[in-house]
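Nothing in this text is a laboratory measurement; each read-out follows from the coordinates by a stated rule. Keep in mind that this is a model prediction, so the values were computed, not measured. Note that each Cβ is placed from the backbone with ideal geometry, even for glycine, and that neighbours are counted across all protein chains shown.
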Amino acid sequence: MLRAADVAAQIGFRALATHPLDAAAEGFYARFGFLAIPDSQPRLMVLARARLLAAVQACQSGE
C-alpha cells in the first residue's frame, strides 16, 4: 500500500483495485477500507485514493 500511495502522488490515480483470492483475503482488504463491488466475479474490491492515503498516514503515525 505504501508503494501505491507513492504512485498515487506521482500520477494522481483515483482508486486502487484488487482481486482477493478468498474470503480471508477479502477480510484483510476490508480492514483497510476496501469496498467490495457487488456481483463481481471474480471478487473485486476498490479503495479510493483519499482512503488509501489516509490508511497509509495512519500506519505511519502508529494509529
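Things worth noting here:
- Karplus (6.51, -1.76, 1.60) ³J(HN,Hα), θ = phi - 60°, over segment 12-19, in Hz, Gly and Pro reported as x: x, 6, 9, 7, 10, 10, 9, 10
- For Leu44, the residues whose amide H sits under 5 Å from its own are Ile37, ignoring neighbours fewer than 5 places away on the same chain, with H placed 1.01 Å from N.
- For the chain, relative contact order (Cα pairs under 8 Å, six or more residues apart, normalised by length) works out to 38 percent.
- Under the convention that each Lys and Arg Cβ holds +1 and each Asp and Glu Cβ holds -1, the size of the dipole of the chain around its Cα centre is about 160 debye.
- Net charge contributed by nearby residues that have their C-beta within less than 15 Å of Leu35 (K/R +1, D/E -1): +3
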